[in-house]
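The values are calculated or read from the model by the stated rules, or taken from the named source; none is laboratory data. Computed from a prediction, not measured in an experiment: that's the story for all the values here. FYI the Cβ positions are ideal-geometry reconstructions off the backbone, even for glycines, and counts take in every protein chain you see.
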Amino acid sequence: MAGLADHPWKRRFSSSMESLLEGFYKPALMDAVRYWRSTGYFTSRALLQVLDGVEQLVAATPDGRGHGQMRLITGVFLSRQDVAAVAGGAAVEQVLSDHLMQAFPFRHVQPGGEDDGALGAELLAWLVDHGHLEIRVALPLHNGLVANDGAIFHAKEGIIEDRHGQRLAFSGSVNETPNGWSSNYESFTTFCSWSPGGEEDVDDLEDGFLRLWQNRDHGARTFTLPDAVRRELAIFQPAEGLPRRLRLHVKMPPPAENQPEGIFIAPPDIDERRRVVWNYVLHSATSNLPGCERVGEATSAVVPWPHQHRAFQRLWQGWPPRLLIADEVGLGKTVQAGLLLRQAWLSGRAKRILVMAPASILRQWQRELREKFALDWPIYTGNSLEWQATPLRPHGESKPVERSQWTVAAPCVLASSHLLRRRDRQQEALEAPPWDLVVLDEAHHVRTRREASGRDSERRRPNTMMQLMQQLGSHTQGLLLLTATPMQVRPLEVWDLLDLLGLPQQWTEETFTRFFQWVQQENPDDGTLAALAGLWQDTVHQFGELPTAAFPEVLRESSLKRRKALRALKDSDPLSRRALDVELRCAVLALAKCWTPVQGLISRHSRNLLRAYQQQGAMDLAIGQRQVEDRFLESSAQEQALYDSVEDFISNQYAKYAVASAQKRSAMGFVMTIYRRRLASSVAALVATLDKRLSGQRQQLDEDDVAASEGEEIGGEFTADGEAVEYALQEELLREECNAINALLEQARPLVGGDSKWAALQHALDELQNQGYRQVIVFSQYTDTVETLKELLVAAGRTSLMAFTGQGGQIFSKGGAWQRLSREATKERFRAGAAAVLLCTDAAAEGLNFQFCGALINYDMPWNPMRVEQRIGRIDRIGQEYPKMQVINLHLGGTVETDVYKALKQRIRMFEQVVGTLQPILAEAASAAISQAVIVDRQQRQKARETAVAKVQQVPEISGFDMDDALQDLNAIKQAVNQLQPSPLNLQDLEAILERPELLPPGCGARKIGQRDFAWTQPGLPQELRVTCDGAYYYDHSESCELWVPGSPLFPQQRAMELAGGDGESCSRQDFLEALHG
């Protein structure tokens, strides 16, 4: 059968040399099953010139059945009034609809008439209505906005494909009009996919068309044909059958039903192949095939590190899992949880899953589950279920839901731990049907306060999060807790978390505390050894025997000593312990420390452990070293005066609530500290929030304020939790407060852009650049600070800039304007080196990993130092490209924050090493101390600052309990990696299915459009969407593409189940491969 490759297409066509209509347009469309066209202008009369070609599009697809497709992107000439309306803020869609209706080309055409206008309108209406022709209207963009300067869309390119998959593309001057193809002077260049080097050129043009069609091109935006125009066009539909001008050309009747392009009508003998293929795909994770537990991983977008393999194996092999993952910041706790979630869902072990996390990182969780694990799960907001924006749902989706129904409406769901811990909300999760798996992130917020109560007794006061988890633990099979800092103050906080997971019976609060005292003894007495033996036996009963490889070195080297030590711990006869010499008693102590609920219920990995793994040649990616420099700056007299005035304002306002209820006083205290936090960031941030308060706009918490206080209990005094803060913000602004705010603004405005930190920032940027760091990230807590820094840096000539805040990403363009970027584009452009400096807020940066950037500046220092650690974790990750990372912290002198940070630096090398035992304890003390010091009146202020420093200095060291020492098991990681078996199903298998349309479920189709992506169609899908089976490609393009795996909204799960049959038995991989390849 003839095709495009059978024609001798010229490289360049010109109307001065030949008829473009007869020499190119007609013969090309005669062989076409697909025609994609971008044009500055279009009229339906152009189609009347090539009715033979239109007939071919109507009647044929690559398999000789179904129907072809024409896609058209056309420009439009907006009037001056239209341009002015757009510039004035009118909705572009409405302006475009009104314009197209006013300029409707068939307004004076009589439906059913015999002239060319009526016949063209009839043909166009029929083609659009029957799905043969899709039209989008394009408008150019300037800096992300529709151009309002009269600019037009003027692209003129086309791609034509025949039934053999060969493609012919052209680019030049010709519009899709009769004059363009017949009368004008026009020329264009052609590209043939079958010619040497031609496929790449055609791919390039096709990718460009798709970028426009899917609105991924930053230079133009395309709009579907407005409904009003469609309704007007429908009037011209033929009364019955085909359009009159097409009837003579159609050599066979068109199919009765529309079939999307790319659908394969399979012969009868394909049914068994389909059954085998889909049976294998759907049941590979539930089969007994070797490696079946890795199907979730193998069909995701992640490649786990060795320690993540080890953690997943512990979770999976001990189902239902009960584990606390406590890896250091930046080592991928979320990946370990995601591996479990995907495999558990895919295998059917967990059908009801609840993921809880603080509100500020909930969107990050939702995004990472989709981007890394193709799990498209909603967030419960308290009154609705919300799905994120995806190619299938460009604007996301929100469904209202009753409190009693969300756990049923969404069996796999994410929810704010701050929401569900509220007493009026706890029952929603507890009265739901039992959960199969619950995951809690930032589990260190689960706390029990212990207070002295009488002689030698304590009163236990669990916080609301602990109360929820104590009940939820018995309402779920599996429970996974995540935190980098399980111990905030003392070891009993670890006991609290382990108790939720299920401790052996003898490991009570008291024995847990005593255990870590006992094992510090050099020569324990017989009673202590007996107690240790009882705890050992209890541990073995619940968790099994300790592997020999995990024994202390002294016992691994001697089987005789090992037997004696084990007998001392296992034997109920005290004589086995009394006969031990001093060396063996010490060995028994060491052995007892190796096997406790800490090892049984906690998975923890540190950078030092992974460095050791790397040094042994087991991991080839680098783990960088960080160098942290604290720069303590002198504040000017004006800055110091402003700080004093703000603290006077705070203390005066807070004092007014001395007799208010505890809840109201707590909320108002929190609101007052917001002003002080913002001043510590920048004068601009303070001015912005005072302006809002003065104008009455500030009646709810900003995202930045929530993120800035995330995780802070502030000594139990103030809290951002609940509705009380909202009420406090909505209180009427009294004249006295109004006058005070005006006075502060008058004092603050002259300092905007002239503070001490601004000069220090410029100096630091120059230094880092001279040291060879190509890119620098500058962090702040507040968008208002970032906005000010943007202006200042541009004014200083530093224009290689990007910004990323809660409002989205931006890049400073050569034209002198800020261009908006998506989250995906922000990651891609910064990774590609599009900017030397990225200004970033804490809330926006969560979940972004920048291992390619080696330098970071903290423009402000959060009250909770652990927030700084999280910032550094954006660059201090496995795979860091710089052997030494440079971190610069800017502190303004004369403030309580700086006093406290100096005290931290004296106690430990804060931030110079990743989180250790003492850091979270000091961080909590620092946060509480600062918040208390900024609300006292001027007479008490100096004493309060001294007290804040003393609190940090007096935090006691913790002895006898070192999780890193107890949990660093390099041999366990090696063993886990050595035992890995290949997954029976992987992404390459799924891509092979996409490449074989005969195996796809009826109604579904796939067409390759690039090296790593496909155009996908399925019943009910209004247009083709892009899918891929390449994990790395998907991770970089997740906003415009779906990973085609089970769990994806574009994966045909239900239709595949119908093909696979209901026996639930998976075939062998050999059977699968034979069916796959035919």
Item checked: Subset of the stretch 770-812 [free of Cβ contacts under 8 Å to residues at least 12 places away in the same chain and in a helix (DSSP H, G or I)] -> Asn770, Ala795
Notebook entry, point to check: Out of all the residues in the stretch 151-172, which are closer than 23 Å to Gly120 by Cα, part of a loop (DSSP other than H, G, I, E, B) and of a type in the set (A, V, I, L, M, F, W, C)?
Noted result: none
Next item on the list: Note down all Cβ pairs under 7 Å where the first residue falls in the stretch 288-301 and is in a helix (DSSP H, G or I), the second is charged (D, E, K, R), and they're at least six residues apart or on different chains.
Entry: Gly296/Arg342
Next item on the list: Could you figure out which of (1) more than 21 Å from Trp758 (Cα to Cα); (2) under 28 Å from the mean Cα position of the chain (by Cα); (3) in a loop (DSSP other than H, G, I, E, B) isn't true of Gly816?
Entry: (2)
Checklist line | the stretch 377-393 - residue that is at pLDDT below 95 and under 13 Å from the mean Cα position of the chain (by Cα) and, of those, surrounded by the most Cβ atoms within 10 Å (Cβ to Cβ) | finding: Thr390
Next item on the list: Taking Trp507 as meeting all but one of (1) touching a residue at least 60 places away in the same chain (Cβ under 8 Å); (2) in contact with a Cys (Cβ under 8 Å, 6 or more places away or on another chain), write down the number of the exception.
Entry: (2)
Margin query: Just checking: which of the helices (runs of 4 or more DSSP H) contained wholly in the stretch 520-584 hold 3 or more residues that are modelled with pLDDT of 85 or more?
Written below: 526-543, 559-570
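For the stretch 537-571, which residues satisfy the criterion of being polar (S, T, N, Q) and in contact (Cβ under 8 Å) with a residue 40 or more places away in the chain?
Selection gives Thr539, Gln542.
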Margin query: Looking at the stretch 302-335 only, could you name the residues that are touching a Pro at 6+ places or on another chain (Cβ under 6 Å) and in a loop (DSSP other than H, G, I, E, B)?
Written below: Ala326
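One line per residue, one yes/no per condition, for (1) among the aliphatic types (A, V, I, L, M); (2) within 17 Å of Glu93 (Cα to Cα):
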position	(1), (2)
Asn148	no, yes
Ile152	yes, yes
Lys156	no, no
Gly165	no, no
Phe170	no, no
Tyr185	no, no
Phe191	no, no
Glu199	no, no
Margin query: Suppose we filter the stretch 141-172 for residues that are within 25 Å of Arg216 (Cα to Cα), of a type outside the set (Gly, Ala, Ser) and crowded, with 20+ Cβ neighbours inside 10 Å; how many remain?
Written below: 9
Check: Before we move on, is Glu493 surrounded by fewer than 21 Cβ atoms within 10 Å (Cβ to Cβ) and in a loop (DSSP other than H, G, I, E, B)?
Finding: no
Check: Here is a list of conditions, (1) out of contact with any helix residue (DSSP H, G or I) (no Cβ under 7 Å at 6 or more places or on another chain); (2) at pLDDT 85 or above; (3) within 26 Å of Asp82 (Cα to Cα); (4) not aromatic (Phe, Trp, Tyr), and Gly172 meets all of them except one; can you say which number that is?
Finding: (3)
Check: Quick one: how many residues across the stretch 81-97 are more than 30 Å from Thr1017 (Cα to Cα) and either modelled with pLDDT of 75 or more or crowded, with 17+ Cβ neighbours inside 10 Å (or both)?
Finding: 7
Check: Which of the residues that make up the stretch 9-25 are exposed (fewer than 13 other Cβ atoms within 10 Å of the Cβ) and within 50 Å of the chain's Cα centre (by Cα)?
Finding: Arg11, Arg12
Notebook entry, point to check: From the set of residues in the stretch 439-465 that are of a type in the set (A, V, I, L, M), buried (at least 21 other Cβ atoms within 10 Å of the Cβ) and touching a strand residue (DSSP E or B) at 6+ places or on another chain (Cβ under 7 Å), which is modelled with the lowest pLDDT?
Noted result: Ala443
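Do we have Val277 as surrounded by 21 or more Cβ atoms within 10 Å (Cβ to Cβ), under 17 Å from Glu371 (Cα atoms) and touching a Phe, Trp or Tyr at 6+ places or on another chain (Cβ under 7 Å) here?
No.
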Notebook entry, point to check: Tally time: how many residues in the stretch 597-621 are among the hydrophobic types (A, V, I, L, M, F, W, C) and either surrounded by fewer than 20 Cβ atoms within 10 Å (Cβ to Cβ) or at pLDDT below 70 (or both)?
Noted result: 4
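Each row is one residue, and each column tells you yes or no for (1) of a type in the set (D, E, K, R); (2) within 30 Å of Glu1039 (Cα to Cα).
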position: Ala748; (1), (2): no, no
position: Ala760; (1), (2): no, no
position: Arg774; (1), (2): yes, yes
position: Gln807; (1), (2): no, yes
position: Gln819; (1), (2): no, yes
Margin query: Consider the stretch 21-41. How many of its residues are in contact with a strand residue (DSSP E or B) (Cβ under 9 Å, 6 or more places away or on another chain), modelled with pLDDT under 90 and assigned to a helix (DSSP H, G or I)?
Written below: 2
Note to self: Looking for something surrounded by fewer than 23 Cβ atoms within 10 Å (Cβ to Cβ), at positive phi, at pLDDT below 85 and in a loop (DSSP other than H, G, I, E, B) - is there at least one such residue anywhere in the stretch 906-913?
What the structure shows: no
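Among the residues of the stretch 11-26, write down those that are out of contact with any Phe, Trp or Tyr (no Cβ under 6 Å at 6 or more places or on another chain) and small (Gly, Ala, Ser).
Within the stretch 11-26, Ser14, Ser16, Ser19, Gly23 qualify.
A quick yes/no check of all residues on (1) crowded, with 20+ Cβ neighbours inside 10 Å; (2) outside any helix (DSSP H, G or I):
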position	(1), (2)
Val174	yes, yes
Asn179	no, no
Trp194	no, yes
Glu199	no, no
Val202	yes, no
Leu212	yes, no
